[in-house]
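J.: This is the structure I want to talk about, given as structure tokens.
The values are calculated or read from the model by the stated rules, or taken from the named source; none is laboratory data. Note that the structure is predicted; figures quoted are calculated from it, not measured. All Cβ positions, even for glycine, are placed from backbone atoms using ideal geometry, and neighbour counts span all protein chains on display.
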Amino acid sequence: MQTPYHFFLAMLMLVSGSINTITTKYADITCGYGVPYFPRDQSASDNSCPDRSEGQHVFDHPFVQALAMFIGEFTCLCAFVLGRWWQRCRGREPPKVKDFNPIIFLLPALCDCTATSTMYVGLTLTFASQFQMLRGSVIIFTGLLSRFWLKKPLKGYQWAGMVLVLAGLVCVGLAAFFSGASGAQARNPILGDALIIAAQLVVAVQMVVEEKFLTKYEVPALLAVGWEGVFGLLVMSTLSMIFFYIPGPRAGGTFENINDAIVQIFGTWQIGLAIGGTICSIAVFNFSGISVTKEMSATTRMVLDSVRTLTIWAYGLGVGWETFAPLQIVGFALLLLGTFVYNNLLIVPLMRKYGILRPEEPEAKERLIADNTYDEKQPLLVNRD
């Protein structure tokens, strides 16, 4: 039975997840005064800022934005510790966590650093809706890695779901190609889309690594996200400082200028608000997403994540970030349909409903549980940002 608390969690997840992408894109297109030595004649960012002659430029710092995301994930560790402390204060002993070495989260964190940085670079080049839709391609890479690395056989409906997702990706990509749109909101949509799809391969590796090496430790989800945030924070902080000394297209002619990013964040309130929104929304999104899965189901979480994509698209159209492209509707519909089919939420349930397949036998269910191959909620893909 759904309660007001369930509705609150669902809305919290939908709103915080949408804010995350919107604030990140908003920072990408917002002008602010940076460091004095910004090379006015070499800027690869944008030339639409009104006071560019005085060193004003857009916030082109995808690696710093990835760093902000990991700060948000790190707060999940703080929330986990505070939650257990609060339980003890109320005289209740929190559930015991099995001993584990936190270093096991280093490899997933490295994957997360690579994927997030690449996606945020892609986001600076394409539309927010394209960014959100194309992340659905992770289903294809995860399915293939599960089949050929973990040696898990894929069902027919999973292959069908992957084909539908692929068709959706083609439609979304063609929408960007035929639109020919470019400008402050999307300087190179085709390249941006390609980077986002490439990043999903790394995300899929991360998911498979987590499934292969981390699930046996039975680490609570909030704690796992928090530890990945710790390692991601350390790695991205180090890389941001190293990138300062590597030639590149950003302020000062560097690959990443963290000094310029700090000046813009604290000197331009709109950018500071956007980065703060990214950090807070990541933390709230992780908490609400985990709570939705626990209190309702992973299916509900997946549906809400799909609605989040629609919300971001509607917002982009409403504020003029992008123009309406009918082919995007087709692509979004195919991506959504493919996700439902892949996660066994459409074909098999309908076949059972209309008698084409027999209802699941309790004995078979018990046998699957004994073999540790049955998942009541289905192994759904979960985005943490």
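J.: With the checklist (1) crowded, with 20+ Cβ neighbours inside 10 Å; (2) closer than 24 Å to Thr21 by Cβ; (3) of a type outside the set (A, V, I, L, M) in hand, flag the one item Asn188 doesn't pass.
T.: (1)
J.: Using the structure shown, decide if Ile19 is among the aliphatic types (A, V, I, L, M), at pLDDT 90 or above and surrounded by 15 or more Cβ atoms within 10 Å (Cβ to Cβ).
T.: It is true that Ile19 is among the aliphatic types (A, V, I, L, M), at pLDDT 90 or above and surrounded by 15 or more Cβ atoms within 10 Å (Cβ to Cβ).
J.: Return the residues of region 143-165 that are among the aromatic types (Phe, Trp, Tyr) and within 11 Å of Tyr342 (Cβ to Cβ); say none if nothing qualifies.
T.: Result: Tyr157, Trp159.
J.: Which members of region 316-345 meet the condition of being among the small types (Gly, Ala, Ser), surrounded by 17 or more Cβ atoms within 10 Å (Cβ to Cβ) and under 21 Å from the mean Cα position of the chain (by Cα)?
T.: Correct list: Gly316, Gly331, Gly338.
J.: Related question: Restricting attention to region 62-102, report how many residues are surrounded by 16 or more Cβ atoms within 10 Å (Cβ to Cβ), among the hydrophobic types (A, V, I, L, M, F, W, C) and in a helix (DSSP H, G or I).
T.: Final tally of qualifying residues: 13.
J.: Now for a separate question. Can you tell me which of Leu123, Leu191 is in contact with an Asp or Glu (Cβ under 8 Å, 6 or more places away or on another chain), under 27 Å from Phe59 (Cβ atoms) and either assigned to a helix (DSSP H, G or I) or not assigned by TED's automatic domain parsing to the domain that holds Leu67 (or both)?
T.: Leu123
J.: Touching a helix residue (DSSP H, G or I) at 6+ places or on another chain (Cβ under 6 Å) and surrounded by fewer than 19 Cβ atoms within 10 Å (Cβ to Cβ): is that true of Val209 in this structure?
T.: Considered against the rule, which asks whether it is touching a helix residue (DSSP H, G or I) at 6+ places or on another chain (Cβ under 6 Å) and surrounded by fewer than 19 Cβ atoms within 10 Å (Cβ to Cβ), Val209 comes out as yes.
J.: If you don't mind, there's one more thing I want to ask. On the given criteria, is Leu106 in a helix (DSSP H, G or I) and under 23 Å from Ile279 (Cβ atoms)?
T.: Criteria met by Leu106.
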